[in-house]
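Data first, discussion second: the structure below is written as structure tokens.
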Amino acid sequence: MCAKSTTPHLETLLAQAGCGRDASTGALAMPIYQVATFQHPALGQSTGFDYSRTSNPTRLALEQTLAAAEGGVRSFAFASGMAALDCVVRLFRPGDELVLTEDLYGGTYRLLEQIVRPLGITAHYVDTSQPAQVAEALARPGVRAVLLETPSNPLLKIADIRAIAAQARARGQLTIVDNTFLTFANLRPLAMGADLAVYSASKYLGGHNDVIAGVVVAGSPELADRLAFLQNATGAILGPQDSWLLLRGLKTLPLRLERQQRNAQLLAEWLARHPRVTAVHYPGLPGHPGGALLAAEKSGCGAMISFAVASAAQAPEVLRRVRVFRFAESLGGVESLITYPCQQTHADIPAALRARLGIHDRLLRLSVGIEHIDDLRADLENAL
Ligand SMILES: *Cc1c(COP(=O)(O)O)cnc(C)c1O
């Protein structure tokens, strides 16, 4: 029988991330190349590495793993998710317009409004779970790209990436997906027609609340070349130590997510029945308008839940009473976290806009970890 070369499954690819790349020692794990510059064999010759801003072996192992995992041409690792997004917005010019998901990460809103708008690049925010709103926004003459957060943050609305990417492509516009919440373990935007996938790797990819990092994966050689230029020219690269931490975290991503999503589903169902909870947002709940889109892609529903309590006074009370859930910003780690979006992650969004979006003072957001479900449930029961 002929041996067929098959592409490994994601679990295999990630479990062996960085393995066996150092032929001189046989090191199984990827070494940390804590080095700034590389000696040239001769004038005009290079080992492939010249200076670590341009390329570093530990970062390259990470970037190659991420490109393969996402099914992209090339990936780029940055010092944070915001640095990754800052690099992406540099693809645009004064006069360009962008369309974004309206309930998005507060830091992205701040970047677009306080850094990018003064440069002459305008952002329009729409409910990207509503195809008619997206179509209308993309029809504006100056629009060059759409940046989707799906599920949105913190209301967990789902956008139809395939339909939106097809519309944008027909108009010569880029589709960029911030895939931080679901990750390539659930959903691969590039295979669905998107041009770029962006990550805050500080969340699920790292997975242990111990590293800040960002990633951009390019779906075409042209975009890869432009991003390689921008990453080197602006320099907000991920260092070798943090690249190594991220490689280490990635190995267990599918396992972690499986457990986190199972815990989240059980908690969302339990919260939906709780008498002191007035609303629960989770794509895995029956009747969630985006659930079918995720099911059609064979995607899990993620491990983020937001829910509303009956009164504004009750929200801080819950934050004060939790013991297993840790009251902290961020998400995606093995430890369960609870946050208060209106005063934390979304504080930079003007109050009137927050009110219109439904990010009110009774809304709490959970990032569900890998702890035992009984402990998580008991903790919320006690806090509520
Ligand atoms: C956290 C986050 C970011 C920003 O990433 P950092 O790593 O904190 O800089 C961007 N987008 C989303 C969806 C996030 O959750």
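Here are the numbers for the structure shown:
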read-out	value
Using distinct alpha-carbon pairs, which all enter the 1/r mean, Kirkwood radius of the stretch 253-383 in Å	15.0
Net charge, LEU196 excluded, C-beta distance under 12 Å - Lys, Arg +1, Asp, Glu -1	-2
Tilt relative to the chain, helix 373-383 - C-alpha long axis, 0 to 90 degrees, to 10	50
Accessible-area composition of the chain, carbon plus sulfur, in percent [1.4 Å probe]	54
Share antiparallel - DSSP beta bridges, the chain, percent rounded to 5	55
Top positive-direction residue, dipole computed over the chain with Cβ charges, set LEU384, LEU156, SER330	LEU156
Per-pair calculated FRET efficiency, R0 = 45 Å: HIS40 and ARG321 via Cβ, rounded to 0.05	0.15
Net dipole in debye of the chain [+1 Lys, Arg Cβ; -1 Asp, Glu Cβ; about Cα centre; nearest 20]	160
Accessible area per residue in Å² at 1.4 Å probe, computed on the stretch 214-373	42
Gap separating the Cα centres of the stretch 293-333 and the stretch 99-158, nearest whole Å	23
For the stretch 19-64, accessible area per residue (1.4 Å probe, heavy atoms of protein chains only), Å²	63
Value at 222 nm in deg cm²/dmol, rounded to 500, when DSSP H runs of n ≥ 4 in the chain each add -39,500 (n - 2.57)	-10000 deg cm²/dmol
Where Rh is the Kirkwood radius over Cα pairs, Rg/Rh for the chain	0.98
Among PHE78, PRO240, GLN173 the positive-end extreme of the charge dipole of the chain (Cβ point charges)	GLN173
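The values are calculated or read from the model by the stated rules, or taken from the named source; none is laboratory data. In this text the structure is predicted, and so the values were computed from the model without any measurement. All Cβ positions, even for glycine, are placed from backbone atoms using ideal geometry, and neighbour counts span all protein chains on display. The accessibility values were calculated without ligands, DNA or RNA, using every heavy atom of the protein model including side chains. Shrake-Rupley method; radii C 1.70, N 1.55, O 1.52, S 1.80 Å.
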